[in-house]
Structure formats: C-alpha cells, structure tokens
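Working notes, beginning with the structure itself.
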Amino acid sequence: MNKNKKRLIIIVLVLFIVVSFFSLWTLINEGYDKQNKVVLFIKKFIPTQTARKIRDTIFIIPKLQEDNKILKLVVEKYETNLQGKLFNEETIKTEKNNNYKLKEFLIPFQRINLDKGWNDQANTFTKHYLETIDDKVLLLSGAGETIYFKKANINKTELKLLEIPNNIKEIIKKNNIQSMGVRDLFLDNDNKIYISLFFKGSNGYSVNVYQADVSFEQLTFEPLFVSKLFWNNFTVRTGGRISSYKDNKILLTIGDLADEKSPQDIKSLKGKIISINKNNGEYKIISMGHRNQQGLFYLDKNDTIINSEHGPKGGDEININNNSIEISNFGWAISSYGTTYDDKEIYEKSHGEFGFIEPLIKYVPSIGISQIDYYEDESKNENIIFTSSLRASSIYINKVNKTFTEVEDQERIYISNERIRDIKYDKETNSIFCIFESVPSFAVIKLK
C-alpha cells in the first residue's frame, strides 16, 4: 500500500471519529435541540438508551459539569428560599429574526430528575403550576405548596415570594390517601381556585377536583368532584387540566391512564373531557377519544374548546371542539399520526375517514406538548394559540383564522435545556408567564 493510500485512509478514519464524536455529543448533551432535523436524523441510528449509556460513561465529565451547573442553581434556590432571585436574563432570537427577552427567577419547588426518566414515579411532584389573580401571581407546587408574589416584581431582581398556608396535607391525611401530585391550578371567574389532585388510595390510583375561595391568608380546599375512577398502576397519562366553561360549570381532562381501549368506551371516564357542575359536582362527558390532554382552554365568545394532548411517539395534537350537542370524538386509540414507541404503525393516520375530528395542528415528531393559552388581538385581527412544550423546550405562537380551521403563521421561541410545564399569557405586561422544570424557575418572556 503506497503512502498516498495510507494517508487517505488515516484522513477518512479521523473524519469518521470526529463525526461520530460530534454525533454522540449532540445526542447526549442535555441542551441539544430535539427538533433539529440533523439531530433527528442521527437519532435514527443511535437509540436514546445507547446515547444515555455513552453519556454516563465516555462523556461522564461533561455530563457532571452540566449537572454541577444546575446543582449550583438548586443550592442557591434553597439558600435564597423565598427571595425568588433573578438568575438569568437573555434575548432569544427566533428563525423569523424576532427578539424576545427572557427572565428567570428561582422558585423553591422540587426539580425534575431526568436521570430517573421524565415518566418515573420519582418525578411525580415536579409538575408545578401558575395562575394570575389581579396584581398577583399564584404558584402551586406538585407537592401542594402555595406561594405568591406581586406581579410588579417581575421588573425587579427578586420576586419576594410569600407563602400561603393550605389544607392539602390535611385532606390527604383525613382521607388516608397518598398524594401523587397536583395536576393543575385554575382560577375561574367566580373567585374560586380549583385544583386536580392525583392520589393513591385503598382502591388504587385516582384523581379528584377540589375548590377554595381566593385568599392570600389561607386556602381551604373542599371536594367538588370525586371521580370514583380507579386504576391499578402508576402512569403519567392522567390529564388533569381544568378550564372554565358555560352554565356554571368547569371542564376537566382525564387521560387514558395507559388503557388504550377505554377512550372509545362511552361508559368509561378514561380518555375524556368532562364538564363539572360547580353547584353539585355532577359531570357530563363532552368529548372522547383522547390520550393525555395537557392543555385546555375554553373560548366563551364562540363556545369553543381548545385542547392539546400527547400522542404516542409522534402525533401530539391541538384539537378544536366546536361544542356540538353530540359528544365529539377525536379518535384515540384508533387514529393517530404517531407510532408505538418501538415504531410500529398500528394506528390509522386519517381521523376524518373514520368519523373522528382531525386535529387543527399535529406535531410529528412530538414536541412533548403541554399547556396552551389563547389571546385574540383585535387591533391586529389575530387569533393566537400559545403552546408550550416539554420535549422541544419551546413556546409556539400559532396564529389561526377565526374559524379555527387553518394555521396562518407559526413562530417558535426555543429555550435551550428547559421543559415548559405551564404558561399564562398576561395582557397587562404583554408577556408569557412560564414554569420551567429544570431548576425549577418562574420565567417571563416579553413579547414584541
């Protein structure tokens, strides 16, 4: 073999090693963009489990450095406790060349441990929620802690958090149940706060809805809706989102609870959106054929329900229910634009051909869709669905037409290395308030 051939082989091998190293680092690095087309291509050849093993062995030092960065913030979070310290300010530039200012404040809640897996029971208390009440912002941890701060403090270096005592622990003790975490926080126009509580009792796992009068001195929750729905195994597919509704009712999402047959069973509450009468707790099924609905909004102006839900592998959806008299059916687990986690094509792609409602928006690959919010900007004649995501670390600004049949424009605000659990658009400040899970933190994204 001549010298030129040897040199060529060496160059090819070096390039192969460099490309392989870059590819592996891209996959194991916590901050990579999971929606990037190059990354998605690489992932076809390197399974996630393999990438994680490499991360925890060959790349253990950079992983520890990244973990150490987060842990320093976690330590600072507990040292500063209720200060709500501002720790990050940056400007995010989108692909549309728009700039959005981001601020992050520490909040003293439990952080998610992704080494355990996002769907592990160890992370059941790491889902936190927010709500705005006049000039204040209320935060509720997955473990049931309630704190608040004055909205004006987002313009300062500290939120100056204040605790609100509540009786959630007393409810758990009195009913001899084990909390599995809060699954939503919602303020309705009757000046009441509603929460959904996931728990385990003697009959298995279940979810109930509780209500309390608004108070910044003491929150005393009482049962509104006792579902009497029980299942045997822990799952993250619980739904649990709450929204306003008409006729003195609220809406509640109930996931399929990892049972793919029941969403098409009208006699089961699994995979349904229901209305709950605020006077007596009686319920009615509004829609069916859902998987795990993590976002919910009711638009009373035209009697429309907007919900977001996780697909399987791929196929996250934003669905529109125009609230006909009949129960609307969104197709799960017959139709989905996703596949099983081992890439089996067992679902019908079309929804309409099988008598189901097609999603307004489908995300393939999945973004790990979470909470949504809606805003109608009459001055610009725009209807906007703000969509948060866990997996894609992003907020999507979806501009839709007035009949909710077409997406006219979409912009993605990408926040590296974050899972966005909850969002709320605040008209007064023209900002999106967010809960990020990694530290965790309360974040403010200032819109244009």
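What the table below lists for this structure:
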read-out: Residue with peak Gaussian network fluctuation, the chain [Cα springs, cutoff 10 Å], from ASP115, ASP265, ASP303; value: ASP115
read-out: Anchor LYS93: aspartates and glutamates whose Cα lies under 14 Å away (excluding residues fewer than 8 positions away in-chain); value: GLU411
read-out: Stokes-Einstein D (µm²/s) once Rh is taken as the Kirkwood radius of the chain over alpha-carbon pairs, at 37 °C in 0.692 mPa s; value: 142 µm²/s
read-out: Kyte-Doolittle mean at least 0.0, axial Cα span of 18 Å or more - DSSP H helices of the chain; value: 3-28
read-out: Net charge dipole size for the chain [Lys, Arg +1 and Asp, Glu -1 on Cβ; Debye, nearest 20]; value: 1800 debye
read-out: Lys/Arg +1, Asp/Glu -1 at C-beta; the chain dipole; positive extreme among TYR298, THR340, SER308; value: THR340
read-out: Fluctuation leader among SER227, SER244, SER179 - the chain, Gaussian network, Cα springs under 10 angstrom; value: SER227
read-out: Among VAL209, GLN264, ASN323 the positive-end extreme of the charge dipole of the chain (Cβ point charges); value: GLN264
read-out: Percent breakdown of C-alpha pair distances by 10 Å bin, ordered from the shortest bin, for the range 243-290; value: 32, 46, 21, 1
read-out: Top of TYR337, TYR425, TYR100 by mean-square fluctuation, Gaussian network on the chain, Cα under 10 Å; value: TYR100
read-out: 18 Å Cα-Cα threshold exceeded, pairs from LYS228/LYS267; LYS85/LYS156; LYS151/LYS427; LYS270/LYS349; value: LYS270/LYS349
read-out: Whichever lysines have a C-alpha closer than 20 Å to that of LYS116, once near sequence neighbours (fewer than 8 apart) are set aside; value: LYS34, LYS53, LYS63, LYS69, LYS72, LYS127, LYS313
read-out: Residues with amide H under 5 Å from that of ALA333, placed H, sequence gap 5 or more; value: GLN264
read-out: For the chain: relative contact order, % (alpha-carbon pairs under 8 angstrom, 6 or more apart); value: 12 percent
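Readers should treat all values here as calculations from the given coordinates under stated rules, not as data from a laboratory. Treat the numbers as computed from the prediction; the structure is a model and nothing was measured. Every residue, glycine among them, receives a Cβ derived from its backbone with ideal geometry; neighbour counts consider all protein chains shown.
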